[in-house]
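**Student:** Structure in structure tokens, see below.
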């Protein structure tokens, strides 16, 4: 049985203090309550960067540009129903203040504290890479 591959772009938004923004998946969504890097599904015809820029505007009310998204690493994870491919970008420049537009909790977290948050299985291998990079 072949699983559908789902492309999701995510970002490590990094503030001037070196903290990373995490978003908590809201009730009613799969994996509700888990913390994740902001982002979302890339729609047909979009590049990963375009999809991420759109998602950041829709979910957090901030604007950024492709030139401010640095490819950092990626996750490839087999869930039961699909296979997730998720590029993770690092971003230090954006316009606006991130705020919850979809009811999700947000938290700025030091890289060394990321392990203290329950995250989806695909996100967990990204933590040491991000921690070492910061």
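**Student:** Can you find, within region 68-89, the residue that is surrounded by the most Cβ atoms within 10 Å (Cβ to Cβ) among those that are farther than 14 Å from residue 123 by Cα and touching a residue at least 40 places away in the same chain (Cβ under 8 Å)?
**Tutor:** 69
Here is a yes/no grid of residues against (1) modelled with pLDDT of 95 or more; (2) out of contact with any helix residue (DSSP H, G or I) (no Cβ under 6 Å at 6 or more places or on another chain); (3) on the phi > 0 side of the Ramachandran plot:
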{"site": "22", "(1), (2), (3)": "yes, yes, no"}
{"site": "47", "(1), (2), (3)": "yes, yes, no"}
{"site": "57", "(1), (2), (3)": "yes, yes, no"}
{"site": "74", "(1), (2), (3)": "yes, yes, no"}
{"site": "80", "(1), (2), (3)": "no, yes, no"}
{"site": "90", "(1), (2), (3)": "yes, yes, no"}
{"site": "101", "(1), (2), (3)": "no, no, no"}
{"site": "113", "(1), (2), (3)": "yes, yes, no"}
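**Student:** Would you be able to tell me the number of residues in region 31-57 that are within 19 Å of residue 106 (Cβ to Cβ), surrounded by fewer than 12 Cβ atoms within 10 Å (Cβ to Cβ) and free of Cβ contacts under 8 Å to residues at least 60 places away in the same chain?
**Tutor:** Count: 1.
**Student:** Still on this structure, please answer the following. Could you check, for region 101-114, whether at least one of its residues is free of Cβ contacts under 8 Å to residues at least 40 places away in the same chain and closer than 17 Å to residue 36 by Cβ? Show your work before the answer.
**Tutor:** Step one: of region 101-114, the residues free of Cβ contacts under 8 Å to residues at least 40 places away in the same chain are 112-113.
Going one step further and asking which of them are closer than 17 Å to residue 36 by Cβ, we end up with 113.
Yes, the conditions are met somewhere in region 101-114.
The values are calculated or read from the model by the stated rules, or taken from the named source; none is laboratory data. Keep in mind the model is a prediction, meaning the values are calculated, not measured. In this analysis, Cβ positions are derived from the backbone assuming ideal geometry, glycine residues included, and neighbour counts consider all displayed protein chains.
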